[in-house]
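Student: Sharing a structure below in structure tokens format, with a few things to ask.
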Amino acid sequence: MMRKLQRNKKKKRKINMKITNEKLEFEKMKLEVERLRKELRKKKKYGLVWEDKPEDVVEMCKEKLPVLKEVKSKEIITDKTKPVNLLIEGDNYHALSVLNYTHKGKIDVIYIDPPYNTGNKDFIYNDSYVEKEDSYRHSKWISFMVKRLKLAKNLLKDTGVIFISIDDNEIAQLKLLMDNTDLFGEQNFVDCISWEKKSSAKGVPPKNMIVNVHEYILVYQKSNKFSFVGEPRSAEGFSNSDHDPRGPWRNTNIKSTVKDKSHAFTIIDPFTGNSFTDTWAFSKDELTRLIKEKYLIFPKNKNGQVRKKEFYNEFKNANIPLKSSWGLFDNQRNTEMLKEILGDALFLNPKPLDLLIYLLESTMNKNSIVLDFMAGSGTTAHALLKINKKDSGNRKFILCTNNENNNGNGHKIAEDICYPRIKKIIEGYKNSNGEKVEGLGGNLKYFKTGFVAAEPNDTNKTKLTKEAVEMLCIKEGTFEAVVEETDLKIFKNHDHHCAIIFDEAMIPKFKQKLKKLDGKCSVYIFSLGDDTFDDEFEDVKGKVKLSPIPEAILRVYRRIFK
């Protein structure tokens, strides 16, 4: 009995010693952590540091997955030969998540006009306005922006570009954020454009006697494959007084201002025999060619200057580079125009239409896809439709906007401002004088974000497949229904088809219908796993592209919401 008690005491002492040693080690570790923390504080840091603030709409995606549902009553079709534009009502984080499936790597241009975070009820975070006195004001704005910009970058083509309107409240933070390698990176910074929003410093002079009249547009490329189109070269200064068959020309100086006099040589006017000696901007051989081809203009006397004809039609580039300062685009005039279209459904500080037209014309080709996921009053759509009308282009826009109460005036942004503006611009409207304003034409489909439970069980997978029909049509650009059965749906756009097979038993029936379809067909087959039923399509594999659903969608969402 005594031995047993002694053994227990000895065992207890060992345990106590172990606990004591562990406590000492823990205290040592605490001291070391504190030492390292102090050491790190001494070191200088470069870059943007912020307190990441959780956002309800982002957290929501852990429980629910976003989908898109069409509002058929808001469809606008004026010309079936023209492309279909999209307006998505809902939180832009959810809309961008869906677009990461439907439009990854497909977007040419992104333009956004985010809240400027002035502290004057222009920025809502988790259903509350962020006030100027909020100590987390900048952190909340950065958290909001970074989540959306990461999703947006995935959508751009390698030749794509993003434009972000901003003012002095967040320009410094935004530049550092975009320079982050997790986003676009400093190497992809293109420029910071400044533009004037008003022509003069009217009103009561401020205390410091300086008035801000400008805003910015930050420009970042997806990769170094991007380039502006530029603006058309002006024919101003060109004329054809001598009726030269090569067309209008202007005269330019050919004298070198940098060459030493020792490099001077003589050229001779072949008609008068007058000689001219100088340091020239061209070599002897090149000047001999220019004289022979009648590019040079010789003066009537020896004291004049020899000039060179520069023909408008011989410029290699029809366009010239843009400047980074763009002058005046009047905000007030745009507000008046919007009131003319919408009446009393006012929207504060819409971007000038002319600014967006100039920006997009300098960037896009005739078939570009433009995304604005902070669409507001819909100026981007208005600008694009105007450009399409001007040059018969086939550009498409995708707009995303919420349906919040606009500035407390009782009008909802998507339903009462953005959509009605686009509808009137497409179809035409009467102005305040009762005069008809012709529509610009175009097509629009209106979608709202919906949700399916995220738990990956068989029931939810089945439901997601049923709810994803509109998403698949958007991805394929096929909106015209050809077959609409319970377990088989086929849509088309010209000679491109999209089929959705909800039950593998419908595969033989689909293959019979496939024989009558022109062109290739994208086929989405419901599978609880990742099976595309390749063997079933072996005999028609040249006509189909197979994808399993909902796995193809879930794969994207797992990457985004991990």
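Student: Under 5 Å between amide hydrogens, which residues at least 5 positions from Ile110 or on another chain qualify, with H placed 1.01 Å from N in the peptide plane?
Tutor: Those qualifying (amide H under 5 Å, at least 5 residues apart or on another chain) are Val161, Ile162, Phe163, Leu371.
Student: Next question. Normalised by the number of residues in region 155-282, what is the relative contact order in percent for Cα pairs under 8 Å and 6+ residues apart?
Tutor: So the answer I get is 24 percent.
Student: Let me ask you something else. Please report the base-10 log of the normalised intensity I(q)/I(0) for region 340-444, using a Debye sum with one equal scatterer per alpha carbon and no solvent, at each q in 0.17, 0.21, 0.24 (1/Å).
Tutor: One equal scatterer on each Cα of region 340-444 leads to -0.79, -1.16, -1.40.
Student: In region 295-331, which residues have a backbone nitrogen under 14 Å from the label point lying 7 Å from Ala235's Cα in the Cα-to-Cβ direction?
Tutor: Those under the cut-off are 311-315.
Student: Hey, can you rank 226-233, 171-178, 380-387 by average C-beta count inside 10 Å, highest first?
Tutor: Top of the packing list down: 380-387, 171-178, 226-233.
Student: Further question: For n ≥ 4 DSSP H runs only, could you compute -39500 (n - 2.57) per run for the chain, divide by its residues and tell me the 222 nm figure to the nearest 500?
Tutor: -9500 deg cm²/dmol
Student: Ok, one more. With a ≥ b ≥ c the root eigenvalues of the C-alpha gyration tensor of region 120-210, is it rounded (a/c under 1.5), prolate (a/b larger than b/c) or oblate?
Tutor: Verdict is oblate for region 120-210.
Student: Out of the DSSP beta bridges found with both residues in the chain, what percent are antiparallel (nearest 5)?
Tutor: 60 percent
Student: Note the listed values [x] 285; [y] 209; [z] 353, then indicate which one is volume of the Cα convex hull per residue in Å³ calculated from this particular structure.
Tutor: Of the listed options [x] 285; [y] 209; [z] 353, [z] comes from this structure.
Student: Does region 249-314 come out rounded, prolate or oblate, given a ≥ b ≥ c as the square roots of the eigenvalues of its C-alpha gyration tensor, rounded meaning a/c under 1.5 and, failing that, prolate meaning a/b above b/c?
Tutor: Cα axes put region 249-314 in the oblate bin.
Student: Now a separate question. Gap in Å between the Cα centre of region 61-79 and the Cα centre of region 453-477?
Tutor: Here the two parts' Cα centres lie 13 Å apart.
Student: How far is it, in nm, from the label point at Ile320 to the one at Thr257 when both lie 7 Å from their Cα along the line to the Cβ?
Tutor: Taking the two extended label points, one gets 1.7 nm.
Student: Relative contact order for the chain using alpha-carbon pairs under 8 Å, separation at least 6, rounded to a whole percent?
Tutor: The value is 18 percent.
Student: Quick one: net charge around Pro248, please, counting Lys, Arg +1 and Asp, Glu -1 for every other residue with C-beta under 12 Å from its C-beta.
Tutor: Net of charged neighbours comes to -1.
Student: With 20 Å as the cut-off, how large is the P(r) tail for region 455-561, expressed as percent of Cα-Cα pairs?
Tutor: Across region 455-561, Cα pairs with separations above 20 Å total 35 percent.
Student: Using alpha carbon centroids, what distance separates region 171-213 and region 481-551, in Å?
Tutor: Using only Cα atoms, the two centres lie 50 Å from each other.
FYI, it's all coordinate maths here, none of it is from the lab. All values reported here derive from a predicted model rather than from experimental measurement. A quick note on method: Cβ atoms are made from the backbone with ideal geometry, for glycine too, and the neighbour counts reach across all protein chains shown.
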